[in-house]
1. Go through (1) modelled with pLDDT under 90; (2) out of contact with any strand residue (DSSP E or B) (no Cβ under 9 Å at 6 or more places or on another chain); (3) part of a helix (DSSP H, G or I); (4) of a type outside the set (A, V, I, L, M) and name the single condition C:D10 misses.
2. Of the residues A:G230, A:G267, which single one is under 30 Å from B:V96 (Cβ atoms), of a type in the set (G, A, S) and either at pLDDT below 85 or in a helix (DSSP H, G or I) (or both)?
3. Can you spot a residue in segment A:244-253 that is away from chain C (no Cβ under 14 Å), in a helix (DSSP H, G or I) and more than 16 Å from the chain's Cα centre (by Cα)?
4. Evaluate segment B:39-48: report whether one residue or more is buried (at least 23 other Cβ atoms within 10 Å of the Cβ), touching a helix residue (DSSP H, G or I) at 6+ places or on another chain (Cβ under 7 Å) and touching a residue at least 40 places away in the same chain (Cβ under 8 Å).
5. So, in segment A:57-108, how many residues would count as being at the interface with another protein chain (Cβ under 8 Å from one of its Cβ atoms) and hydroxyl-bearing (S, T, Y)?
6. Going by what's in this entry, would B:I203 be described as more than 23 Å from B:A239 (Cβ to Cβ) and either among the aromatic types (F, W, Y) or within 14 Å of the chain's Cα centre (by Cα) (or both)?
7. Give just the number: which of (1) within 14 Å of another protein chain (Cβ to nearest Cβ); (2) open to solvent by less than 30 Å² (accessible area, probe 1.4 Å) does B:A56 not satisfy?
8. Residue check: is C:L166 over 24 Å from A:H86 (Cα atoms), surrounded by 19 or more Cβ atoms within 10 Å (Cβ to Cβ) and not hydroxyl-bearing (S, T, Y)?
Amino acid sequence: MDGFTISVLTNIALFSFLAISAWILLIAGEISFGQQAYFAIGAYAAGIATAVWQWPFVAGIAFGTGFGAAVGALVAWPTIRLSGLHFAIATLAFAELVRASLNVFSYQRDIDGYATGPDGANGFRDIRWVYEAGIEPGAYLVIVAGCLAAVIALVALMARGRGMARLRIVGEDPILAAMQGLSVARTKIAAAGLAGGVAGMGGALYAHLATYIEPAQFSVMTGVHALAYGLIGGLGTVLGPILGVLIDIGLLESLRVFSGYRMIVFGGLVALVLILRPRGLLDERNVHRISAWLRR
Amino acid sequence: MAAALEITGLTRRFGGLTALDGIDLTVEPGESLGLIGPNGSGKTSVFNLLTGHLAADAGSIRLSGREIAGLPSARIVRLGVARTFQNLRVLKRLTVYENLRAARHAAAPALESLWQSRAARRAERDAVMALLALFGLEDRAHDTSDSLTLMELRELEIARVMAADPALVLLDEPAAGMTAAETDRIGETIATHLLPGRSAIVIEHKIRFLTALCPRLAVLNAGRKIADGPSSAVLDDAAVRDSYFGSGSC
Amino acid sequence: MIDVVQNTLDGLAIGSAYGLLALGFTLIFGVMRRLNMAFGSSILVGIFAGAWLHGQWAAGMIPIFAATLAGAVLAAAYVERLSFAWIRGDAALASMASSFALWMQLEDGIARAFPQRSYAFPSFDILPLLELGPLLLRPEFIAMFLTAAVLVVALHLMLTRTVFGLQVRTLSESREAARVSGVNVGRVAFLTFCIAAAIGGVAGFLIAATDGQISTKLGLWITMKGLIAMVISGLGSLRGALIGGLVLGLVEAQAQWYLGASGREITVFALLFVALILLPQGLAGRADAAARNEALRRL
């Protein structure tokens, strides 16, 4: 594979974390404009862990993932009982709060004669673990893809067990869910924690690829894109958000046929898809049809 | 032995309107109580308060002697209460099978979110399919429930209540919108499969249907209980005839 | 002390603009019960139409104002058709995602047609700065405040005194009820959308004329400010939308003065977050919202 293909694929994989994160909450019936916050939190936490505290890479990624999950659940705890739009705006407020706070967050230590660590709006440079370990872009793509596969496997397990069903019921009809004995708030908090963890993992991996991160990268636009990917790709399966990312980044951005007109084409495409399939391309009905066909 | 359900002084206001005004109701273990009254008399509100969907302003609700007023819905339901809905509540985008499985999620251990053993999956499938067979719905198990007829949806709701295996059943107009033949069929299903061994409250406007299921009736009017007793006696009561049948709502 | 008063004046002034934006959002949300993410970009289309007229023919204020309004309304009509009218009634999520996609589309289209960083917009520089003792006040802001007040009163009259207003209110209570009572739901929704866009166009014109220049970044800015002001106000009351805008403006101005730019951002979003949790029905909260919240809290 050439460098361009590798970087496109890595981009797709990294964005998929964010898209899956927003998708999990969509399944649980909540719209989040703010999953980029957990991406940022994961990126900063993992970066601090490996660059400032000199932890090994795996521990850093785990730390970023766990930190994202913990904050996700913690933020959901007071906000999840708000009605839909209020929750959505609360996620937006929180995400912007995180971004604005990172703009003034400074935490530097002297590592090998260089001040290392986040420095407010100037960003956080030299997250060099992957670079110093001599990991090639191709090898790093394998690592990122492996982590993404783990996330997909986790969701698949939940779909086999009761997890996804619990999320879907709570998302489709919270009153009915409560009447079936499910604690709606607890289920949604668990979903938010999971979503935070997935985004955190993506952020952690991103930080080590980019080696430089800054608060401005985690803007509202990033989060709203992530949300749109799930809605276009479809709410029926975890492959939906990945399909959304593939269409946008894979097809439109990389093929260069639409060079310059990507958003104009993509925007129109999305609007048309949603008129025909309001729950995305791989919606419940299509997934059901496909799985019935596969069973035969 | 404590009553299956003992409601005393149950009161609920919506703004200036008192929807329920000091209601007392008792259901003995294994008994089915019919609840009637004009539209807006507070019947469904009783269910909403009972299941914790709305909070009571005053009064007590005891389930087998245990106070449940103020508990969250999920807790109450797990103590053995299940209900159906007047305007049907099914998960439209999920299959019939998944709808029935939903009734079993709460009781299962949290760990099964991630891992349900093969044996447990098989046992669950057998139980759900057996239940569907009772209603002749086996063929529809893997259809999404938005493709069901009204009759099938009502049956699905009743099957879902059975899947939860509650001690107290709350049925909200289970025969609404049905033809006479369908009403008879659903009544028979309820009588043979659902009610035996359980306590129940049934709300219904179709009196003949109701008296066939419930030997005792309670009547609500404007948030108050105006009669309670054996069905025949209640239906002869002058006040009941005046408030209910006089209004021509049936 | 003088600072506080001056900040308050500045805050109220910019707050009127926020209030106007929130008014448009509230009108659409009240009627459709769906969020129009492309609202800011429709306004963007309007002000760029105005800027184009200005750059091309150095047109006067009134044609530019008309072009701004027309651009905003046309773009909004496009959004209404694609993202709202043609998407099924129960698919609120799809409408939101679709309107977001059109936001991207419109904004990118503008960025393509207007590649420079910023464009000149005619400003009211003929008007002198008002001095009230030690306080300074820009007359544009007074115009903004008055416009907002007049529009709220006019909207209120339209909603309470006209047949169309009655139809809008019926629709906002229940789509079904509106249809049953013979309201042409599609037409009323479409007109409401256009009115909201026109209000947004007025707001956009005033904001652009105050700044004297515009860039495509305004789209996001308009959306954020309008949304936040709408949510602070508690959704669904027009007066509330204006109050929400003023409160947001006030908080921003004070925080900017005492805490600087990043302090202002942190303060605004922290306050918004806390306000949502403690006061979910907003400043002008209504009883039915409280009841809905009760039901949610118990699950």
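The values are calculated or read from the model by the stated rules, or taken from the named source; none is laboratory data. As the structure is a computational prediction, the values presented were derived from the model and not from experiment. For neighbour counting, all protein chains shown are included, and Cβ atoms are generated from backbone atoms with ideal geometry for every residue, glycine included. Protein only, heavy atoms only, side chains kept; ligands, DNA and RNA dropped before computing areas. Shrake-Rupley method; radii C 1.70, N 1.55, O 1.52, S 1.80 Å.
1. (2)
2. The unique qualifying residue is A:G230.
3. Looking through segment A:244-253, at least one residue is away from chain C (no Cβ under 14 Å), in a helix (DSSP H, G or I) and more than 16 Å from the chain's Cα centre (by Cα).
4. Scanning segment B:39-48 turns up no residue that is buried (at least 23 other Cβ atoms within 10 Å of the Cβ), touching a helix residue (DSSP H, G or I) at 6+ places or on another chain (Cβ under 7 Å) and touching a residue at least 40 places away in the same chain (Cβ under 8 Å).
5. So the answer is 3.
6. It is false that B:I203 is more than 23 Å from B:A239 (Cβ to Cβ) and either among the aromatic types (F, W, Y) or within 14 Å of the chain's Cα centre (by Cα) (or both).
7. So B:A56 meets the others, but not (2).
8. On the way: over 24 Å from A:H86 (Cα atoms): yes; surrounded by 19 or more Cβ atoms within 10 Å (Cβ to Cβ): no; not hydroxyl-bearing (S, T, Y): yes.
Judged against the criteria, C:L166 is not a match.
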